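Structure first, commentary second.
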Amino acid sequence: MKLQELLNGIEIKKGCILNPEIANVTDDSRNVRNSSAFVCVKGNRSDGHDFARKAIEKGAAVVICDHDIGIKNSVIVENTRKAYALMCANYYGNCHREMKMIGVTGTNGKTTTTFIIKKILEENGYKVGVIGTVEVVIGNEKYPADYTTPDPAGLHKYLYMMKMAGCDVCIMETSSQALVQLRTYGINYDIGVFSNLSREHLDYHKTMEEYAEAKGILMENSDVCVINADDSYAPVMKKHAKGNVITYAIDEKADVKAENVELTHDGVEYTLTSKGGNYDIVYNVIGRFSVYNSLAALSVGMVMNVDMKRAVKAVSEMNTVKGRIEKVPNDRQITILIDFAHTPDSLKNVLKTVNVVYGKRIITVFGCGGDRDKTKRPIMGKIACRYSDLVYITSDNPRTEDPDSIIDDIVVDLDKKDYVRITDRTEAIRAAIVEAKPGDTVLIAGKGHENYQILGTKKIHYDEREIVKQILDDGANFEK
């Protein structure tokens, strides 16, 4: 692609008169090759402008910057993040304009909601691609996900692959960081979904108000906004909405409501009521949050004018998403659940659900990630101890922090009799399973779908399904 085509739609403050062929677009100097366009993006830890000369030395045909850095083959723009997003979209043919784009944002429930929407739309004849936390799905192909929302180059490459695979719709989990960092800049969403907002990512956003404003960016760029009216931040999302607003709720007045809600041992049942009709919903995943997730997805289906009988059928046939209230089979007559709950609100929700549905003793294993919001650690410790009969506090992606220092933060306000401290996560899981008696529930919280531990700056393979299976196969001194 010629440089001028690549820069289509971008306001140029000053640029070179050349129009070379561009082989790839990147903001990472390590990925520069001959004929690359290197975009100088300022990050939290480094500034791409510092690597511009290195990029030219490696063969870059042009560098895109926001000020004059004394390089001949450079183009100066107002905002390099915006330019990078638009350049990546141009490079891959702006495929987002040729598909229905559905964005899902919120602290909890994004992954599950996207996969329910996928099932509903596929039941109605659409070919769907998904970009999210667990994986990227394009037709029958699955790709590992490094981030909830990829950087612009990865994002638009996936959109191109979806279009080439014949997808009609792309459903994206859209994180607050991605929105603030303009990774999705230039994409107009047909539908934007807001699930909820609770304490998370305050190491990045600093305040809940900033966090909410970040989520609101999706609403500003969506033709129709589907908003959870029961969430306290719903008014903020409505304020940001540029188009039509469709609300869903259990308690508050809304366009789409769940009434006669029943939480059962096997899932949830409720009546969906709306101007378009009433429908009896059965969704085989436990918990009140499952009502919200399925209700949001069904609301999207209604906006898309799908056959609601098919939509209801799709929801009834949905299985648990990996790492979300995922049961691990065993012959010990105990319930072992793996869940991604890694925020105060999500941990509280899953524990309250387990209390209601399973009863008896609840044994919880959890920790908090390193290099992330420290203020949530003691809050999560209190929640775990309040709603569990026994808590094993352990390590969870410590990154560059000392795991024991993280645990110190978690237990600072706890009574020592309320928890057991085992730094090694595998040993903590083993202790919890050994402790469990028939009828008990072991909740392993925090990692969910993840198959790794982040120690220092390295990812080490660590899949809790494999860990639990090995512990069960070993017998783990169950007859103590």
Of the criteria (1) open to solvent by less than 10 Å² (accessible area, probe 1.4 Å); (2) part of a loop (DSSP other than H, G, I, E, B), which one Asn108 fails: (1)
Residue check for Tyr147: touching a residue at least 12 places away in the same chain (Cβ under 8 Å) and not in a loop (DSSP other than H, G, I, E, B): no
Is there any pair with a first residue in the stretch 426-440 that is over 20 Å from Gln453 (Cα atoms) and a second that is part of a helix (DSSP H, G or I) whose Cβ atoms are under 9 Å apart and which are 6 or more apart or on different chains, and what are they? Ile433/Val468; Ile433/Ile471; Ile433/Leu472; Val434/Ile471; Gly439/Tyr358; Asp440/Tyr358
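Every residue, every condition in (1) of a type in the set (Asp, Glu); (2) out of contact with any strand residue (DSSP E or B) (no Cβ under 7 Å at 6 or more places or on another chain), yes or no:
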residue: Lys382; (1), (2): no, yes
residue: Glu401; (1), (2): yes, yes
residue: Ala428; (1), (2): no, no
residue: Glu435; (1), (2): yes, no
residue: Gly439; (1), (2): no, yes
residue: Gly448; (1), (2): no, no
residue: Gln453; (1), (2): no, no
residue: Glu464; (1), (2): yes, no
Flagged in the stretch 1-17 as part of a helix (DSSP H, G or I) and open to solvent by less than 100 Å² (accessible area, probe 1.4 Å), in numbering order, are Leu3, Gln4, Leu6
Members of the stretch 414-448 that are touching a Gly at 6+ places or on another chain (Cβ under 7 Å) and open to solvent by 50 Å² or more (accessible area, probe 1.4 Å): none
Qualifying residue in the stretch 276-290 (condition: of a type outside the set (Val, Ile, Thr), part of a strand (DSSP E or B), out of contact with any His (no Cβ under 9 Å at 6 or more places or on another chain) and open to solvent by less than 40 Å² (accessible area, probe 1.4 Å)): yes
Is it the case that some residue within the stretch 431-439 is in contact with a helix residue (DSSP H, G or I) (Cβ under 7 Å, 6 or more places away or on another chain) and within 20 Å of Gly369 (Cα to Cα)? no
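Rundown of residues vs (1) in contact with an Asp or Glu (Cβ under 6 Å, 6 or more places away or on another chain); (2) farther than 22 Å from Asp473 by Cα, yes/no style:
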position	(1), (2)
Lys352	no, yes
Val356	no, yes
Arg361	yes, yes
Asp389	no, yes
Asp402	no, yes
Glu435	no, no
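The values are calculated or read from the model by the stated rules, or taken from the named source; none is laboratory data. As the structure is a prediction and not an experimental result, all values here were calculated from the model. Cβ sites come from the backbone with ideal geometry, for glycine too, and all protein chains shown count toward neighbours. Side chains included, ligands, DNA and RNA excluded: accessible areas come from the protein's heavy atoms. Shrake-Rupley method; radii C 1.70, N 1.55, O 1.52, S 1.80 Å.
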